[in-house]
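Here's the structure we're looking at; comments come further down.
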Amino acid sequence: MAESNTDTKSSNQMWGGRFASGPDAIMEEINASIGFDKKLFAQDIRGSIAHATMLAHQGIISSDDNDKIVHGLNTILAEIESGNFEFSRRLEDIHMNIEARLATLIGPAAGRLHTARSRNDQVALDFRLWVKEELEKTERMLTGLIAAFLDRAEEHAESVMPGFTHLQTAQPVTFGHHCMAYVEMFGRDRSRVRHAIEHMDESPIGAAALAGTGYPIDRHMTAKALGFREPTRNSIDTVSDRDFAIEFLAIAAIAGMHLSRLAEEIVIWSTPQFGFVRLSDAFSTGSSIMPQKKNPDAAELVRAKTGRINGSLIALLTIMKGLPLAYSKDMQEDKEQVFDAAESLELAIAAMTGMVRDMTVNTARMKAAAGSGYSTATDLADWLVREAGLPFRDAHHVTGRAVALAESKGCELADLPLSDLQAIHSAITDKVYDVLTVEASVASRKSFGGTAPSEVRRQIAFWRARN
Ligand code: ARG
């Protein structure tokens with residue numbers, strides 16, 4: 001798509017020395033949004049067709065003019081889609097670029113399209129349609145990511161790994177359970193997306209500049225034609241509102257934070273020190289100097305994209321916070337933030353979905369790590385409560401002494417001879433060894449939402465029915 005530039009006037013006599021080009025050129029440069037809002041061409045044309053059709057239906061324009069307008073707009077759509085449209089910065093934005101082309105194509109009838117609307121409700125409509133489609137796409141992509149996790153969770157419902165708090169070995173869990181934690185997170189993101197679609201499902205067109213219009217328009221008709229539930233209810237709010245864009249960014253920021261935590265775990269898990277997972281070649285890169293290396297670049301970039309998304313959210317909140325009602329040109333700065341965040345979010349979800357599906361899980365390594373670091377200490381304490389009737393606080397103390405002893409001997413709890421354990425507390429019997437294995441530990445945690453394989457399978461079934 002070509003972009004034409006206007007002639008620059010020579011610098012202004014009085015203060016032009018400060019500028020390389022004339023003031024009009026600078027005005028044009030700061031004012032024009034066509035460089036980025038051309039992304040809205042399909043929405044703009046769809047909106048204009050719905051608006052013109054409604055105008056004709058209401059007898060505000062003739063059906064003859066409407067036919068010309070609709071035909072012309074469809075021609076423009078084809079031109080843009082095939083790369084045969086010349087965007088002009090002099091025409092400022094996508095709305096005026098399309099309208100100017102329409103005038104060339106169909107003549108004076110083009111001038112009737114803008115009856116009973118303003119660029120203020122037009123841009124609110126176009127951008128809303130774009131964000132709504134992006135939310136729908138995000139919803140589908142999150143569903144794909146959740147499906148990837150459900151498959152891995154099913155495969156690893158019994159695979160034990162160390163569970164961490166403070167990144168210190170805490171208690172054994174199953175890898176399936178850990179995967180299901182991400183299903184919960186991305187499931188919440190998806191439900192935020194669904195709520196946002198519901199919030200924004202109102203059509204702005206017909207609010208006009210800010211006060212509505214005297215023409216007998218039918219906003220319910222355009223709302224329906226454009227797939228909205230209903231028209232917005234306050235024309236002033238309609239042209240000053242960008243909540244739908246901010247909500248998209250907020251959702252993207254939260255999902256991005258989740259994706260970044262996952263990326264961070266993958267970075268840690270794929271180190272030779274952990275060795276829990278091995279990334280596929282498709283999602284890692286080599287080093288130009290160190291032949292042994294396999295770097296988790298994609299995960300690192302997902303972690304970094306989160307920074308951009310957060311920046312976009314803060315930028316738009318800041319753009320909006322000082323604006324009096326209704327429209328101000330500041331609001332033109334909304335689009336780049338949303339476009340950039342949408343691109344980052346899509347890439348991040350796609351990359352993590354691929355990585356989760358492709359990575360090789362080293363269950364032997366996970367199991368070995370699960371048993372080290374006295375991860376079944378809580379199981380020993382619980383056994384003392386259950387089998388020997390100790391209050392939990394005392395059991396905790398006894399277990400602490402057992403851990404200290406094992407540590408001094410350089411062995412695991414299960415390696416301590418019974419005599420050593422009995423010296424610490426006489427009620428301990430050889431039955432205790434049954435709970436000191438990691439398998440017994442995870443199998444015992446059957447509480448709702450717990451890590452026992454049976455419980456993990458129950459949660460998988462719950463999500464499968466909803467995905
Ligand atoms: N390009 C403008 C934007 O994105 C369109 C609306 C312009 N409205 C106006 N009153 N200047 O916000």
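The values are calculated or read from the model by the stated rules, or taken from the named source; none is laboratory data. What you see is a predicted model; the values in this text were computed from it and never measured. Counting neighbours? That spans all protein chains shown, and the Cβs are built from the backbone with ideal geometry, glycine included. Each accessible area value is taken on the protein alone, full model and side chains, heavy atoms only, with ligands, DNA and RNA left out. Shrake-Rupley method; radii C 1.70, N 1.55, O 1.52, S 1.80 Å.
Every residue, every condition in (1) within 16 Å of the ligand (Cβ to nearest atom); (2) within 32 Å of the chain's Cα centre (by Cα); (3) crowded, with 21+ Cβ neighbours inside 10 Å, yes or no:
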residue: Glu86; (1), (2), (3): no, no, no
residue: Thr115; (1), (2), (3): no, no, no
residue: Trp130; (1), (2), (3): yes, yes, yes
residue: Lys137; (1), (2), (3): no, yes, no
residue: His156; (1), (2), (3): no, yes, yes
residue: Gly163; (1), (2), (3): no, yes, no
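Checking the stated criteria, Ile314 turns out to be modelled with pLDDT of 95 or more, surrounded by fewer than 18 Cβ atoms within 10 Å (Cβ to Cβ) and either within 16 Å of the ligand (Cβ to nearest atom) or in a helix (DSSP H, G or I) (or both).
Number of residues in the stretch 166-210 that are within 30 Å of Ala370 (Cβ to Cβ) and in contact with a Leu (Cβ under 7 Å, 6 or more places away or on another chain) equals 4. Looking only at residues in the stretch 165-179 that are out of contact with any Pro (no Cβ under 9 Å at 6 or more places or on another chain) and open to solvent by less than 30 Å² (accessible area, probe 1.4 Å), the one that is nearest to Leu347 (Cα to Cα) is Cys179. Among the residues of the stretch 201-211, are any within 16 Å of the ligand (Cβ to nearest atom), at pLDDT 95 or above and of a type outside the set (A, V, I, L, M)? Checked the stretch 201-211: at least one residue is within 16 Å of the ligand (Cβ to nearest atom), at pLDDT 95 or above and of a type outside the set (A, V, I, L, M). Looking only at the stretch 88-113, count how many residues are within 11 Å of the ligand (Cβ to nearest atom) and part of a loop (DSSP other than H, G, I, E, B). Total satisfying the criteria: 2. So which residues in the stretch 219-235 are surrounded by 16 or more Cβ atoms within 10 Å (Cβ to Cβ) and part of a loop (DSSP other than H, G, I, E, B)? Those that are surrounded by 16 or more Cβ atoms within 10 Å (Cβ to Cβ) and part of a loop (DSSP other than H, G, I, E, B): Leu226, Phe228, Thr232.
Of all residues in the stretch 343-360, one or more are over 30 Å from Glu154 (Cα atoms) and not in a strand (DSSP E or B).
Residue-level analysis places Lys305 among those that are away from the ligand (no atom under 16 Å from the Cβ), surrounded by 14 or more Cβ atoms within 10 Å (Cβ to Cβ), among the basic types (Lys, Arg) and not in a strand (DSSP E or B).
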